[in-house]
Amino acid sequence: MYMHSTQQQRRNQIEILYNAGITKGVDICQRTSIPKQTVHRVLNLIKDKKSLQHKRGAGRPSKIKANDKRRIAALYQSNPRTSLRSILPRLSSPVSISTLHAQVKRQNFVSKRAVRVPALTDLHVSKRIAWCKEMKCFD
C-alpha cells in the first residue's frame with residue numbers, strides 16, 4: 001500500500017517548517033492551512049524521533065512474492081497473449097487462478113486474445129494493389 005502524495009507533501013511541509021525553527025503547531029497551521037490535528041500528530045512524531053514514513057497497514061499478506069510479481073510482469077510484457085494457466089506452474093508459490101488474475105489486474109495488464117481474420121482473396125489483393133498505384137502520386 002502506497003501513501004497518497006498529498007499526505008506525504010503535508011508531512012514534508014510540516015517537517016521543513018519545524019526544522020526552520022517554527023515549532024508551534026498553531027503557526028504551522030496558519031502558514032500551511034493543514035488541519036491542527038494533523039500538524040500536532042506529525043510534530044509529536046518528529047519530537048519522538050519516529051519515522052514519518054507510512055506504516056504498512058494491518059491485513060492479510062500477499063500470497064504472491066515479489067519475485068513472482070516481477071516474473072508475471074516480465075511474462076506479460078514479453079507476450080501479452082500469455083494465459084493465466086500457463087503462468088501458474090512458473091510461479092514459486094502455489095496460488096489460485098483468481099489470485100493470479102487479481103495480481104495481473106493490479107499490475108494494469110490487459111489480456112489480449114488473438115482474433116481470427118480471414119485471408120485476403122485474390123480480388124482484395126488486386127484492389128489493394130490498384131489503390132496503392134492510384135495513391136502513389138499523392139506523396
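Among the criteria (1) within 30 Å of ILE14 (Cα to Cα); (2) over 21 Å from the mean Cα position of the chain (by Cα); (3) of a type in the set (Gly, Ala, Ser), the one SER92 does not fulfil is (1). A count restricted to region 1-47 and to residues that are in contact with a Leu (Cβ under 8 Å, 6 or more places away or on another chain), of a type in the set (D, E, K, R) and either surrounded by 15 or more Cβ atoms within 10 Å (Cβ to Cβ) or in contact (Cβ under 8 Å) with a residue 40 or more places away in the chain (or both) stands at 2.
Is it the case, given these coordinates, that ILE129 is among the aliphatic types (A, V, I, L, M), touching a helix residue (DSSP H, G or I) at 6+ places or on another chain (Cβ under 7 Å) and surrounded by 10 or more Cβ atoms within 10 Å (Cβ to Cβ)? The answer is no for ILE129.
When the residues of region 93-123 are filtered to those that are among the hydroxyl-bearing types (Ser, Thr, Tyr) and at pLDDT 90 or above, the one that is farthest from LYS69 (Cα to Cα) is THR121. In region 49-59 there is no residue matching the filter, namely being surrounded by 10 or more Cβ atoms within 10 Å (Cβ to Cβ) and more than 30 Å from ARG10 (Cα to Cα).
Residue check: is ALA119 of a type in the set (A, V, I, L, M, F, W, C), exposed (fewer than 10 other Cβ atoms within 10 Å of the Cβ) and without any contact (Cβ under 8 Å) to a residue 12 or more places away in the chain? Considered against the rule, which asks whether it is of a type in the set (A, V, I, L, M, F, W, C), exposed (fewer than 10 other Cβ atoms within 10 Å of the Cβ) and without any contact (Cβ under 8 Å) to a residue 12 or more places away in the chain, ALA119 comes out as yes.
The values are calculated or read from the model by the stated rules, or taken from the named source; none is laboratory data. No experiment lies behind these values; they were computed from the predicted model shown. Here the Cβ is made from the backbone with ideal geometry for all residues, glycine too, and neighbour counts use every protein chain on show.
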